[in-house]
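One structure is given here, and the rest of the page talks about it.
The values are calculated or read from the model by the stated rules, or taken from the named source; none is laboratory data. Model, not experiment: these values are computed from the prediction. Please note: Cβ atoms are built from the backbone with ideal geometry, for glycine as well, and neighbour counts cover all protein chains shown. Note: accessible area is taken over every heavy atom of the protein model, side chains too, but ligands, DNA and RNA are not part of it. Shrake-Rupley method; radii C 1.70, N 1.55, O 1.52, S 1.80 Å.
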Amino acid sequence: MKTQAKHITTATAAIMLIAATGCASTKAPELTPLEIQSLQTREYEHPKNVVFPSVISVFQDLGYTIKSVETEAGIVTAQSTTKNTTSAGAVFAAAFFGGRANQTNAKTLATASVEEIGDITKVRLNFVVENKSSSGWGQNTEQSEAILDAQIYQNAFERIESAIFVRSSN
């Protein structure tokens, strides 16, 4: 009987430990500025006149609209299409109580800096999600947040490498 009680106590302790761990925050750890730079930057052994149009082409392939290009400075700015969302509950409340429903507009802003340093061309990308909300009562809020997902940057850089390969093999 003591052995069975000991197993129950051990099992209970294990369940409590798992439950307590499950309640812990799953927020990603903060990145240092150097880690962010490493995530957002790649170097290529190709001239700027090959890398720069490759970056522009990839932004367009990813569905971004090019907003500005400063060739001499090596800067490209782009943005995604805006996605408008209005919750069904907000539409119902607006219809029932009068007024307008709350609406949220989200888009992704992208910038690229392309710099030639000797035989190396350095590219730094930056993606930011911008959310704008407006309530039925005229209150507006705006929030921007940097995207720091390594997979997103890896995907963009892989596409840039492919575009560079195509341009440099001609």
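In sequence order, what are the phi-derived ³J(HN,Hα) couplings for segment 163-170 according to the Karplus relation 6.51 cos²θ - 1.76 cosθ + 1.60 with θ = phi - 60°, rounded to whole Hz, with x for glycine and proline?
Once rounded to whole Hz, the list reads 5, 4, 4, 5, 5, 7, 8, 7.
If you rank THR104, THR81, THR41 by how much accessible surface each has, with a 1.4 Å probe, what is the order from largest down?
The ranking, largest first, comes out as THR81, THR104, THR41.
Quick one: Cα centre-to-centre distance for segment 105-134 and segment 32-91, in angstrom?
4
Ranked by accessible surface with a 1.4 Å probe, highest first, in what order do SER38, SER57 come?
Details: SER38 80, SER57 30 Å².
Ranked from most to least accessible, the order is SER38, SER57.
I want to check the label-to-label distance for ARG167 and THR85. Put each point 7 Å from Cα in the C-beta direction and report it in nm to one decimal.
3.5
Set the Förster radius R0 to 30 Å, insert the Cβ-Cβ distance between ALA73 and GLN139 as r into 1/(1 + (r/R0)^6), and round the FRET efficiency to 0.05.
On the way: r = 38 Å, r/R0 = 1.26.
With a Förster radius of 30 Å, E is 0.20.
May I ask for the net charge around ARG124, where only other residues with Cβ less than 14 Å from the Cβ of ARG124 are counted and Lys, Arg are +1 while Asp, Glu are -1? Display every interim value, and only then the final one.
On the way: positive: ARG42, LYS48, LYS122; negative: GLU35, GLU43, GLU115, GLU116.
Local net charge: -1.
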